[in-house]
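Report on the structure given below.
The values are calculated or read from the model by the stated rules, or taken from the named source; none is laboratory data. Note that the structure is a prediction, hence the values are computed from the model and not measured. No Cβ is skipped: glycine too gets one built from the backbone with ideal geometry, and neighbour counts run over all protein chains shown. Side chains are part of the model used for accessible areas, which takes the heavy atoms of the whole protein and leaves out ligands, DNA and RNA. Shrake-Rupley method; radii C 1.70, N 1.55, O 1.52, S 1.80 Å.
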Amino acid sequence: MEVSDDDLDEYGVVNNAIYASYIHSGRDVLLEKMGISVDYWTSTGNAMAILELNLKYFAPLRSGDRFVVKVKIVQIKGVRIFVEHRIETLPDRKLVLEGGATVVCLNKEFRPTRVFPELSARAMDLFSCKVA
């Protein structure tokens with residue numbers, strides 16, 4: 001990804017709220033690579049939502065900076081999916097941000113439901129995550 005001028009605050013660095021958007025985009029890319037698109041979720045009437053997001057900043061990004069968002073599912077437990085995130089600059093891989101998120105699966109009535117079986121199965125194939 002690349003930082004655009006619209007992402008910057010009055011100090012010339014990426015606004016802290018924008019990082020959540022970068023992380024969201026990274027999760028969408030991960031789901032696509034797992035063969036589960038956002039369009040698929042919406043077509044079933046189910047959804048996923050962030051329950052909790054914790055971010056720790058190490059260095060700012062500036063206009064034109066190139067970076068990568070790394071996403072790793074670390075555990076699936078009941079209705080929750082625990083995910084780790086890292087943002088690193090390119091090409092030097094300097095750490096910009098580390099984060100952790102708790103994602104919940106929601107049914108058609110937007111009530112928490114057990115993690116969707118197809119997501120759980122594909123996550124186990126890609127990661128050595130713990131499923132409880």
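Expressed as a fraction of 2.2 N^0.38 Å, the value expected for a compact globular protein of N residues, the C-alpha radius of gyration of the chain is 1.11. When MET48, MET34, MET1 are compared by accessible area at a 1.4 angstrom probe, the order from most to least is MET1, MET48, MET34. Remark: the GLU2-ALA49 segment gains 14.4 nm on full extension, using 0.36 nm per residue and subtracting the alpha carbon distance. Kindly list the residues of the stretch 31-60 that lie in the label zone of GLU98, defined by a backbone N under 18 Å from the point 7 Å along the Cα-to-C-beta vector. So the set is 53-60. On a per residue basis, the chain carries 58 Å² of accessible surface, using protein heavy atoms and a 1.4 Å probe.
Springs join every pair of Cα atoms under 10 Å in this Gaussian network model of the chain, and among PRO91, PRO60, PRO112 the largest mean-square fluctuation is at PRO91. Among ARG86, ARG122, ARG111, the residue with the largest mean-square fluctuation in a Gaussian network model of the chain, with springs joining Cα atoms closer than 10 Å, is ARG111.
Could you work out which residue, out of ILE87, ILE76, ILE18, moves most in a Gaussian network model of the chain, that is, has the largest mean-square fluctuation with Cα springs under 10 Å? Top of the fluctuation ranking is ILE18. Heavy-atom surface analysis with a 1.4 Å probe gives the chain a carbon and sulfur content of 50 percent of its accessible area. Shown here for the stretch 44-132: GluC sites (Glu not before Pro) in loop regions (DSSP other than H, G, I, E, B) with at most 12 other Cβ atoms within 10 Å, namely GLU109.
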